[in-house]
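The values are calculated or read from the model by the stated rules, or taken from the named source; none is laboratory data. None of these values were measured; they are calculated from a predicted model. Glycine gets a Cβ as well: all are built from the backbone with ideal geometry, and neighbour counts include every protein chain shown. Please note that ligands, DNA and RNA were not included when accessible areas were found on the heavy atoms of the full protein model with its side chains. Shrake-Rupley method; radii C 1.70, N 1.55, O 1.52, S 1.80 Å.
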Amino acid sequence: MAESAENAEPEQPVAANTRRIEASVVTDFSDRMSYGGYLDLPTLLSAQRPISRPEHHDELLFIIQHQTTELWLKLVLHELETARDLLRADELAPALKCVARVKHIQRTLTEQWSVLATLTPTEYGQFRGVLGNASGFQSYQYRAVEFVLGNKNAKMMQVFESDAAASAILRHALDSPSIYDEFLRLLARAGYPIPAAILERDVTLAWTFQPELVPVFAAIYANPEEHWAAYETCEELVDLEDNFQLWRFRHLKTVERIIGSKTGTGGSSGAPFLRRALELTFFPELYAVRTEIPG
């Protein structure tokens with residue numbers, strides 16, 4: 001029941017540009033859970049440790065950019081793995097809720113590149129040397145996300161041999177069906193004619209284009225009202241790939257803007273290596289089917 005007007009605490013005007021702290025606001029945290037305690041802010045905010053000497057002003061930006069990316073990737077991986085498990089259980093609606101959240105995170109990650117792009121070549125060059133061979137190429141969470149989406153590459157495992165925890169996470173992602181594998185299995189259980197060879201494929205291998213799936217998706221797209229659940233899921237997966245490719249493109253353009261054609265700190269060719277990533281796909285049949293749709 002709403003509090004009666006006569007018993008409500010009168011609203012106080014802001015005086016001298018100072019907002020009054022309401023009497024009900026908790027201020028004593030000597031034995032209560034606080035915001036900083038719940039988030040473990042002392043640990044989180046002490047993790048930014050520039051190593052340039054003298055400390056370069058822009059190194060903090062570089063560290064925070066990559067640390068926040070890793071935090072978002074942790075959530076992306078959490079959501080995609082949950083979506084995959086829900087698809088396995090034929091729980092399509094909650095799986096798509098997870099995918100929807102990932103799409104919002106992807107947009108945030110893509111926009112983050114604009115912050116790093118404020119770093120000029122001169123500024124980055126003044127502390128780049130302290131990175132040694134550290135490179136985003138070595139992000140095991142990024143690789144795990146690629147694996148969960150189906151773009152697997154067992155040779156990447158060698159980069160993480162010295163990190164047992166990272167290797168275990170990646171090995172699990174490599175050995176498990178991708179989110180696309182689980183979607184196709186769901187379709188098969190629902191009566192769609194998914195070839196047995198695809199359902200029984202070696203899931204440790206990167207997904208490659210399977211032309212026999214295109215007619216299956218063409219039938220779904222030809223009558224979306226009858227196949228709405230499958231149709232909607234196809235479009236959600238296309239959104240995932242589209243967003244991922246936008247992220248890859250912004251990564252490439254940010255690298256070109258800051259270091260041009262220099263080689264990467266991790267030993268890659270730099271921009272050319274990133275450009276080739278744009279040729280990698282997750283759900284190629286969902287793009288190929290567009291050519292088959294009349295109109």
Cβ pairs under 8 Å, 6+ apart, first in the range 69-86 and aromatic (F, W, Y), second surrounded by fewer than 19 Cβ atoms within 10 Å (Cβ to Cβ) and part of a helix (DSSP H, G or I): W72/I105; W72/T108
The range 108-123 residues that are open to solvent by 70 Å² or more (accessible area, probe 1.4 Å), paired with ones that are of a type in the set (S, T, N, Q) and at pLDDT 95 or above (beta carbon under 8 Å, 6 or more apart): V115/Q65
Scan of the range 109-143 for residues that are among the hydrophobic types (A, V, I, L, M, F, W, C), out of contact with any Phe, Trp or Tyr (no Cβ under 8 Å at 6 or more places or on another chain) and assigned to a loop (DSSP other than H, G, I, E, B), ordered by number: A117, A134
Those residues of the range 245-272 which are touching a residue at least 60 places away in the same chain (Cβ under 8 Å) and in contact with a Leu (Cβ under 7 Å, 6 or more places away or on another chain), in sequence order: W247, H251, T254, I258, T265
Filtered residue count, the range 242-295, keeping only those that are small (G, A, S), part of a helix (DSSP H, G or I) and loosely packed, with under 13 Cβ neighbours inside 10 Å: 0
Members of the range 172-197 that are touching a residue at least 12 places away in the same chain (Cβ under 8 Å) and either assigned to a loop (DSSP other than H, G, I, E, B) or surrounded by fewer than 16 Cβ atoms within 10 Å (Cβ to Cβ) (or both): D175, S176, P177, S178, R189, A190, Y192, P193, I194, P195
Of the criteria (1) at pLDDT 95 or above; (2) over 24 Å from the mean Cα position of the chain (by Cα), which one I105 fails: (2)
Residue identified as open to solvent by less than 60 Å² (accessible area, probe 1.4 Å), β-branched (V, I, T) and more than 19 Å from Q138 (Cα to Cα) among I63, I105: I105
